[in-house]
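The numbers here are math on the coordinates, done by the rules we state, and not lab data. Being a predicted model, the structure only gives us computed values, none of them experimental. Backbone-built Cβ (ideal geometry, glycine too); neighbour counts: all protein chains shown.
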Amino acid sequence: MPNYQIYITSYGDTFDILAFVFYDDPLLASVIIDANPNYAGTLIFEDNVELRIPEINTVEISSTLPPWRQ
């Protein structure tokens, strides 16, 4: 069972913005959507919506790799 962080939304939050904030990658929005199926159809959040943000393992990019390989 994954670990979750609770996040309370601010007006204007979106899944892709939250994925960028928490994972540095807006393409991981589906991870947050999957953890919050009741809000899957929400495009823009209102204030004070409680969301679960799953903790995920991210692969660290080696600083020795050239930029085109990172």
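List the residues, sorted by chain then number, that are 5 or more residues from Tyr4 or on another chain and whose placed amide H is less than 5 Å from its amide H.
Answer set, sorted by chain and number: Glu55.
State, to one decimal in nm, how far the label point of Asp24 lies from the label point of Glu55, with both points 7 Å from Cα in the Cβ direction.
My value for the distance between the label points is 1.8 nm.
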